[in-house]
Structures are given as C-alpha cells and as structure tokens.
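Each reported figure results from applying straightforward, stated rules to the coordinates on display, with no laboratory input. Model, not experiment: these values are computed from the prediction. Cβ coordinates were reconstructed from backbone atoms using ideal geometry, including for glycine residues, and neighbour counts include every protein chain displayed.
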Amino acid sequence: MSIQHMRIDIITCLPELFDGPMNQSILKRAVQKGHVEIEIHNLRNYSTNKHKTVDDYAYGGGAGMVLMIEPIDRCITQLKEKRKYDELIYMTPDGARLDQRICNQLSVKQNLILLCGHYKGVDERIRKHLITKEISIGDYVLSGGELAAMVLADSLIRLVPGVLNDETSALTDSFQDDLLAPPVYTRPEEYKGWKVPEVLLSGHEEKINNWRHEQSVERTKQRRPDLLNDG
Ligand code: ADE
C-alpha cells in the first residue's frame, strides 16, 4: 500500500502571510515526514506588466479593486502542465460553508489548488471557467482568502493518514461522528477541590467509553442541537 500524499498549491498576492502558520507544529511535521507538500505562489510573479500589478478597477465603477484574469490564468496553466489537479478551490465568503464532511471528502484528494481572493474579489470569468469548487469558512468577510486557505489547509492536512499519531488521532475529534467531543482531564486528580470524574480513574474501559459517549451526546444536545437534527 502506498502512503497517501497530498499536495496543496496556494495562489496569493500576499505570500508572506503563510510564513508563520505553515511552518509550525503538526503542519511542519507533516511536510517534513513527506505526507504533504505545500507550495505558495506569489501572483505578482505571473503579472506581465512592468509594475507587476495583479488588480484593476471594476468595470462599471464602484469601490474596490478586482484581481485580473491573466496572472491567475498563467499561474494555474503552469501548475496544470506539471500535474493533474483534483480540485481548483476559490476561497470566498459566498462559497459552500466549510464543515467536517467537506474536509473529509477533500482530505483524500492528491492535488489541490487554493486561490485566495483579495480586495473586491476576482474577475468572475475565473470562477466560471477555471474554478471547480468555492469554499467559505463562515458567514463573515475576511480581508482576503489567505486566512481561509490556511484554515482549509490545516483542517485537511491533519486528516491525511500518518500525519497524526495515536494520541492526536482525528477519529475522536468533534464533528467526526456528528457529535461534539467529550470533556478531557489530566493530572492532578484534584485541584482546589475540583475533581476529575471518578469513572475516568476506574480503569474500566467499557464504562469510560460509555461515559464519554453520554457526555458527547449531552454536550451536543446543549450546545449544537442542530447537529443531532441534521441528516
Ligand atoms: N474571503 C473573505 N472572506 C472569506 C470567508 N469567510 N471564507 C473564505 N474566503 C473568504
């Protein structure tokens, strides 16, 4: 069995934003272990004019600049010449709202392109002719798609087999079975009189599993009843 490998190409006009988050912790280890490859592409490098501009005024007027077709198309075309892409994703507040189900579906893909919009967005023809999926990370507007792309990349990478070890296994995450995760505790057993639930100290695996499941259901009922009613 070959190990799964995911490649994510991110197209942005603010590449510096990715320096920190993509080089930390789990993501960094995933890259070092060879499970994932992330490449950031500076849109400016694909501009053909001498000022290296990537945006222009909107036809019809109105506030805000629009990312031009040409640099984006040139970047995408060069990437597609090298490999086949499963999805070309545009990060945008009017896309499909990201949830764990979408993360699970995308986590088995091999090659993804994430396009970060900026200013007022991208020329609509890019969306119409080049983009295969549009994703929003929530009903609020960010100043660009970069933070959204990082959220998506992080949520996918941790699902690639081998990235997480047993202790951090994604199988017990919130949302993985439409339930929120149960509460967790660590030493000491008692702090300022605040005690760890007895059952967790019992060593009785079945009782502990039952308790965790009950807690998950209870927490979901209280905080996210919509998860129980869906599907
Ligand atoms: N770009 C700006 N806001 C966004 C959002 N909420 N999700 C994805 N991309 C965005």
Taking chymotrypsin sites (Phe, Trp or Tyr not before Pro) as exposed when in a DSSP loop with at most 15 other Cβ atoms inside 10 Å, the chain has its longest clean stretch at 60-139
Taking other Cβ within 10 Å of each residue's Cβ, how do 186, 92 sort, fewest first?
186, 92
Please give me, ordered by residue number, the trypsin sites (Lys or Arg not before Pro) of segment 170-223 that lie in loop per DSSP and have at most 14 other Cβ atoms within 10 Å.
192
In the chain, which whole DSSP H runs stretch at least 15 Å along their own axis (Cα) and average -0.5 or higher on the Kyte-Doolittle scale?
146-157
Gain upon complete extension [residue 169, residue 139; 0.36 nm per residue less C-alpha separation]
7.9 nm
Cα-projected label distance for residue 124 with residue 185, points at 7 Å along beta-carbon direction, nm
5.8 nm
Please work out how much length the chain gains when fully extended from residue 208 to residue 222, using 0.36 nm per residue of separation minus the C-alpha to C-alpha distance, in nm with one decimal.
2.9 nm
DSSP beta bridge pairing in segment 80-222, given as percent antiparallel to the nearest 5
25 percent
Which GluC sites (Glu not before Pro) in segment 105-195 pass both tests, a DSSP loop state and at most 12 other beta-carbon atoms within 10 Å?
189
Report the full-extension gain for the segment residue 49 to residue 94: residue separation times 0.36 nm, less the Cα-Cα distance, to one decimal in nm.
13.2 nm
Taking just the alpha-carbon atoms of segment 144-231, what radius of gyration and Dmax come out, in angstrom?
16.4, 50
Kirkwood Rh over alpha-carbon pairs of the chain plugged into Stokes-Einstein at 4 °C, 1.567 mPa s gives a D in µm²/s of 64 µm²/s
Assertion target for 36, 160, ordered by fewest C-beta neighbours within 10 angstrom first, is 160, 36
Taking every eigenvalue of the Cα gyration tensor of segment 39-129, multiplying by 5 and rooting it, what semi-axes result, largest first, whole Å?
25, 18, 10
So what's the convex hull volume per residue for the Cα atoms of segment 1-81, in Å³?
137 Å³
Ellipticity estimate at 222 nm from DSSP helix runs (n ≥ 4, -39,500 (n - 2.57)) divided over the chain, nearest 500
-9000 deg cm²/dmol
Can you figure out the FRET efficiency of residue 24 with residue 59, using R₀ = 41 Å and their beta-carbon distance, to the nearest 0.05?
0.50
